[in-house]
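The values are calculated or read from the model by the stated rules, or taken from the named source; none is laboratory data. What you see is a predicted model, and the numbers here were worked out from it, not measured in a lab. Heads up, the Cβs are rebuilt from the backbone with ideal geometry, glycines too, and the neighbour counts pull from every protein chain shown. Note: accessible area is taken over every heavy atom of the protein model, side chains too, but ligands, DNA and RNA are not part of it. Shrake-Rupley method; radii C 1.70, N 1.55, O 1.52, S 1.80 Å.
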Amino acid sequence: MELIVAAGIGLLTACGLYLVLRAETFSVVLGLTLLSYAVNLVLFASGRLVANAPPLLVEGVPRHTDPLPQALVLTAIVISFGMTAYLVALALRAKGESGRDGFDGGDPT
Amino acid sequence: MSHLAIIPILLPLAAGIACLALERAGLVAQRAVSLAAALMMMAVAALLLRHAGTGAIDVYALGNWPAPFGIVLVLDRLSALMVAVCAALALPALIYASGGTDALGRHFHALFQFQIAGLNGAFLTGDLFNLFVFFEVLLLASYGLLVHGNGRARANAGLAYVVLNLTGSALFLIALGLLYGTLGTLNMADMAHALARVPAADQALVRTAASLLVVVFALKAALFPLSFWLPSVYGAAVAPAAALFAIMTKVGVYALLRVSSASFAGAPVTADLLQPWLMPLAIATIVAGTLGALAARRLAVVVASLVVVSTGTLLAAIAASGIEAIAAALFYLVHSTLVAGGFFLLAGRIASARGEAGDGFRTGQTATRAVTLGAAYLVFALAISGVPPLSGFLAKLMILRSIQEAPFGPLAWTALLSSSLLPALVLARAASVFFWEAKPAPAATAEARLGLPALAMLTMLAASPLLVAFAAPVADYARATAMQLRSPAASEAVLGADPATARERRP
């Protein structure tokens, strides 16, 4: 299971990085989304991968999993969701202002 | 338990929510709430300074869970100083905005207050994940403030800024995940103890995580080569937002200083993480910022480039890492934040006084109230470039003296001294364009009133002379802060005298 999760995180990160480095805003938004999935999985795995175990100490159940990473992941998901929504809105506005979809539309300073 | 430590977060948060609720009631009500909150923040910051100035370290356990299980806020000399600088910067910026800038878009005051809440939270927290959350709060508010007033340049700068910071946040979270996975804690004081007993198998992972964390803070602080985003972003924002942004790079510097002194410095695994390359990169940052100031075609971009220079200067002193160097860095931090914030306000005034030409370096109509603006310009230019007799000179002198023994000392001296000379030349050239080459204004132009924005800008003018007049108490406070950062007192306040048993205590 560790190998599959690690390879999955690596694949997501690689695809995310590739897309973030492209010039179109849509690719960048997708890339950041993939990156945030990868990051969430890393955070989740930081409490070790345990299947079918409660995140609590329960009488008579010897195995349990660390609840803290789950709380961290929830926070991270909420934040990255909000940020992505804002980024999409901002990209739409930038396209409306400059008529182009991309990162090279800025005025030289 | 005193609730003093959480007030700097709750007060602006409540004010921001009130501003949102008062949207229907109009701008006047929002201004009143926002300004009242900023005034109260000044009073709270004074209380914090007085309390922390006694050397006391307050630990505020959120939810009453003791560290390292729960999240704690830590109020010590350093965080009190940062909260005070933030409050001193926010009030004039808000007064400036109340002169009409806040009417350019919606929710200016709410976003401004949320950003202050995020800044104060980042300064006060003693937990790394909580630091991430407050970073996001202040960044989200800054995304909104940056595009306030619309325009193509702002939307494009905003897009690049948001993508860059989202990538930074992803790196931050990866670092946190790795640190929690290897150390089992995210509390800064507890991390120091966990770092001291990292098993050999995990050491590479811990170093990777710590390096990622440092990269993220370097991005926020705009350390070379992660500094190129800053001038176009800060130059694009409206003046009061840019003034508040002057403290955002200092959050990165603060986080570097805090994490390296509270967690990384004490453990052999991470002790040599920053040392070998912080000084060369700081020097490169100074050079990059100075070149940026030389190349800029607008005053706001020059000031933004000088913010990059100030980051480099601060980190050069922090890299030298003696008590005197850290104390000098803290003095310089207060100076550079307030002066850069004031200069952004002045750039905004000059832009609005020159009509079409704005703050660009091209001949335009004579600025209205050119004498006041010119005098203010002289003071800010002297202060920011570090020419006697203002605070920039004192701060740079303290830094120069403290880093002469450090590795790369002579190189740092050269960079620091040229970063005083070259910006002074740039600013002098700009002044001749603004105040001498100007064409007479068309007669129809109404004389600009000496309104709130001018008042705010003139208030900021007092910061540098006041820092000179009260240099001794500020320098003493900075030295005591540097010594407190070195002492184990903070860790003891958070975890108790015996950290090994902290995990055994049940709440």
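What the table shows:
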item	result
Mean separation of Cα contacts under 8 Å, 6 or more apart, over the residue count of segment A:6-109: relative contact order %	25 percent
Nearest-20 debye value, chain B charge dipole, Cβ charges on Lys, Arg, Asp, Glu	960 debye
Total accessible area lost when B and A pair, probe 1.4 Å, Å² to nearest 100	3000 Å²
Percentage, to the nearest whole number, of Cα pairs in the protein assembly as shown over 45 Å apart	15 percent
Accessible area of residue B:361 in the full protein assembly, 1.4 Å probe (Å², nearest 10)	20 Å²
Positive-pole candidate from B:332, B:311, B:350, dipole of segment B:282-366, charges at beta carbon	B:350
Listed peptides B:282-290, B:478-486, B:115-123 by packing density, highest first (mean Cβ within 10 Å)	B:115-123, B:282-290, B:478-486
Residues of segment B:101-162: accessible area per residue with a 1.4 Å probe, Å²	21 Å²
Residue B:200/residue B:455 FRET efficiency (R0 56 Å; Cβ-Cβ; nearest 0.05)	0.35
FRET E, pair residue B:47, residue B:24, Förster distance 41 Å, beta-carbon r, rounded to 0.05	0.75
Within the accessible area of the protein assembly as shown (1.4 Å probe), percent carbon and sulfur	68 percent
Cα centre as origin, Lys/Arg/Asp/Glu Cβ charges: the protein assembly as shown dipole, Debye	1060 debye
Peptide-level mean, for A:28-38, of C-beta atoms on other protein chains within 10 Å	3
About the Cα centre, charge dipole magnitude for segment A:39-108 (Lys/Arg +1, Asp/Glu -1 at Cβ), debye	160 debye
With DNA, RNA and ligands ignored, accessible area of residue A:4 (1.4 Å probe; Å², nearest 10)	130 Å²
Segment B:37-60 residues near the modelled residue B:476 label - backbone nitrogen below 20 Å, point 7 Å along Cα→Cβ	B:46-57
Accessible area per residue, Å², segment B:237-329 with all protein chains present, probe 1.4 Å	22 Å²
Accessible area (Å², 1.4 Å probe, nearest 10) - residue B:346	0 Å²
Projected label distance in nm at residue A:66 and residue B:271, using a 7 Å step from Cα toward the beta-carbon	2.6 nm
Estimated distance in nm for a label pair at residue A:1 and residue B:228, the labels positioned 7 Å out from Cα along Cα-to-Cβ	4.4 nm
Dipole of chain B [Lys/Arg +1, Asp/Glu -1 at C-beta], most positive-end residue of B:66, B:25, B:179	B:25
Neighbouring partner chain Cβ atoms per residue of A:72-84, average, 10 Å criterion	4
Rounded if a/c under 1.5, otherwise prolate or oblate - segment B:85-165, Cα gyration tensor axes	oblate
B:51, B:148, reordered so the largest accessible area comes first (probe 1.4 Å)	B:51, B:148
R0 of 25 Å, Cβ-Cβ distance residue B:397-residue B:291: FRET efficiency to nearest 0.05	0.55
